[in-house]
2 protein chains.
Amino acid sequence: MARYKITVEYDGTNLVGWQKQDIGQSAQGYLEQALYDFSGVQTDIYAAGRTDAGVHAIGQVAHFDLDTKMDLYHLREAFNAKLRDVNAPVCVVEIELVPDTFHARFCAKKRGYIYRILNRRARSVLYQNRVWHVNFPLDVQKMQKAATYLLGYHDFSAFRGAGCQAKSPFKTLDRLDIEKRGDEIIFTVEAKSFLYHQVRNMVGTLKMVGDNHLKPEDVKTILEGKLRKDAGVTAPACGLYFNKVEY
Amino acid sequence: MARYKITVEYDGTNLVGWQKQDIGQSAQGYLEQALYDFSGVQTDIYAAGRTDAGVHAIGQVAHFDLDTKMDLYHLREAFNAKLRDVNAPVCVVEIELVPDTFHARFCAKKRGYIYRILNRRARSVLYQNRVWHVNFPLDVQKMQKAATYLLGYHDFSAFRGAGCQAKSPFKTLDRLDIEKRGDEIIFTVEAKSFLYHQVRNMVGTLKMVGDNHLKPEDVKTILEGKLRKDAGVTAPACGLYFNKVEY
């Protein structure tokens, strides 16, 4: 048996998310179908993290097993040829052979997300479905200050989406950088793992600091209060990118 | 009379370019129609530079005249509402009132372009029609070295597209930076003005240095030889962005 690790890019706009569902197209579904089409093998492909409908991936990581060792270059080419044939919004950027002990989800040491806000009056015609368009000015400095309260080990219940299956609401947030780049505000977020909707709920809350509905210090109070209702809206899926996984 | 300066973003993928043509949609055509639709005024809109079919704009600049002074905020809103109504790939990012002596084309002191190459094996699903996909590795250091020969005041005949209407082939290239950013190679190019296809012909030639079809020093020889046939291919339109204009 040979275990393969793949790094996957996808445009989540028309996907129901990473995971196969009864209705709609998923990244997992496209990849498993492509694998079947060129190899005849029907097997599960496991990802580092499930992403929701509309969320994009720059560097999602997944793994699967085949009975035989195949040439990595040609394996990636076969995937991408089949994916292109059906015009899938998914491609395999890298492929590696890994030990049988590797597991895309359970071995992940760090996950990184990027969130993009387009902060200007006019909508984007170049980056539709790639950014959250916020059309009134946000105060980036206040958002940066608020973000510092979220760093470190905390009970993140206030930012936990309904239906979250994690056993514990405690997580360690390693990085939450907010940077202005032209018309965009870019969030770079890293942790070993996240609660369901945690990144989008943090971004939605920080945006409310940026537009002066909340003070930076309120984020500390919200975090300590542990009540989801006190935090802000869930930021839209289209601005979120699953950027990378470290093992 | 009041003269207005607008900064315009467009996705060039389905446009015939900036300029109105007999067939097809243009950025100029969309803007003039939008202006007519909300004001009843039929007038020409003049741009800092014509862009070709498929070329994008982040910060194209244009100007037009109206008989009356209008509120700038509402003028921009009216443009963007009309453009959105017809699902135009064009929007007005900024609008300013300028003196009658301002001319978007003739007063420009510097024009800036960006060119994006995606340099990896897999095609892009996130940035289709936004990058030139080159699927074998390019040597960025060699391209950077070659670029230095193009800086400054030269006869750029070797990089001049057929049908160029400029009186002289002499131009001063102020900036040609090449930077690796993840899977992408980004060219930042600035000059007071350019010959027709000059940026795309320079990028196409530098790409041939990157893939070892040419040595960096060959670019000097090509420049001095002044023959278009000695230089490389015209890089595809989809990777090119008209980024900004300085006045």
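The values are calculated or read from the model by the stated rules, or taken from the named source; none is laboratory data. Everything numeric in this text was worked out from a predicted model, so none of it was measured. A quick note on method: Cβ atoms are made from the backbone with ideal geometry, for glycine too, and the neighbour counts reach across all protein chains shown. To get the accessible areas, we keep the full protein, side chains included, count just its heavy atoms, and leave off ligands, DNA and RNA. Shrake-Rupley method; radii C 1.70, N 1.55, O 1.52, S 1.80 Å.
For the stretch B:16-33, taking the residues that are aliphatic (A, V, I, L, M) and touching a strand residue (DSSP E or B) at 6+ places or on another chain (Cβ under 8 Å), the one that is nearest to residue B:66 (Cα to Cα) is identified as B:31.
Out of all the residues in the stretch B:11-28, which are in contact with a Leu (Cβ under 9 Å, 6 or more places away or on another chain) and open to solvent by 10 Å² or more (accessible area, probe 1.4 Å)? I'd like the intermediate steps shown before the answer.
The first filter runs over the stretch B:11-28 and keeps only residues in contact with a Leu (Cβ under 9 Å, 6 or more places away or on another chain), leaving B:11-12, B:24-27.
The answer is B:11, B:24, B:25.
Quick check on the stretch A:148-162. Is at least one of its residues in contact with a strand residue (DSSP E or B) (Cβ under 6 Å, 6 or more places away or on another chain) and closer than 30 Å to residue B:11 by Cβ? Within the stretch A:148-162 (the criterion being in contact with a strand residue (DSSP E or B) (Cβ under 6 Å, 6 or more places away or on another chain) and closer than 30 Å to residue B:11 by Cβ), the answer is no, since none of the residues qualifies. Only residues that are buried (at least 20 other Cβ atoms within 10 Å of the Cβ), more than 20 Å from the chain's Cα centre (by Cα) and more than 16 Å from residue B:141 (Cβ to Cβ): list them for the stretch B:201-230, please. Those that are buried (at least 20 other Cβ atoms within 10 Å of the Cβ), more than 20 Å from the chain's Cα centre (by Cα) and more than 16 Å from residue B:141 (Cβ to Cβ): B:222, B:223. When residue B:6 is tested against (1) of a type in the set (Val, Ile, Thr); (2) modelled with pLDDT of 95 or more; (3) out of contact with any helix residue (DSSP H, G or I) (no Cβ under 9 Å at 6 or more places or on another chain), only condition (3) is not met.
With respect to the conditions (1) assigned to a helix (DSSP H, G or I); (2) closer than 22 Å to residue B:161 by Cα, residue B:57 lacks only one, and its number is (1).
The number of residues in the stretch B:32-49 being closer than 15 Å to residue B:60 by Cα and either surrounded by fewer than 17 Cβ atoms within 10 Å (Cβ to Cβ) or not assigned by TED's automatic domain parsing to the domain that holds residue B:82 (or both) comes to 1.
For the stretch A:168-178, the condition holds for at least one residue, the condition being that it is of a type in the set (Phe, Trp, Tyr), in contact with a strand residue (DSSP E or B) (Cβ under 8 Å, 6 or more places away or on another chain) and either outside the structural domain of residue A:119 (by TED's automatic domain parsing) or over 24 Å from residue A:56 (Cα atoms) (or both).
All conditions in (1) modelled with pLDDT of 95 or more; (2) within 26 Å of residue A:204 (Cβ to Cβ) hold for residue A:102, with the sole exception of (2).
The condition of being assigned to a loop (DSSP other than H, G, I, E, B) and away from chain B (no Cβ under 13 Å) holds for only one of A:42, A:33, A:28, that being A:42. Within the stretch A:52-100, the residues that satisfy the criterion of being within 14 Å of chain B (Cβ to nearest Cβ), open to solvent by less than 10 Å² (accessible area, probe 1.4 Å) and either of a type in the set (Phe, Trp, Tyr) or within 18 Å of the chain's Cα centre (by Cα) (or both) are A:55, A:56, A:57, A:59, A:60, A:79, A:90, A:91, A:92. Listed conditions (1) within 26 Å of residue A:121 (Cβ to Cβ); (2) in contact with a strand residue (DSSP E or B) (Cβ under 7 Å, 6 or more places away or on another chain); (3) surrounded by 16 or more Cβ atoms within 10 Å (Cβ to Cβ); (4) more than 9 Å from chain A (Cβ to nearest Cβ) are all met by residue B:110, apart from (3).
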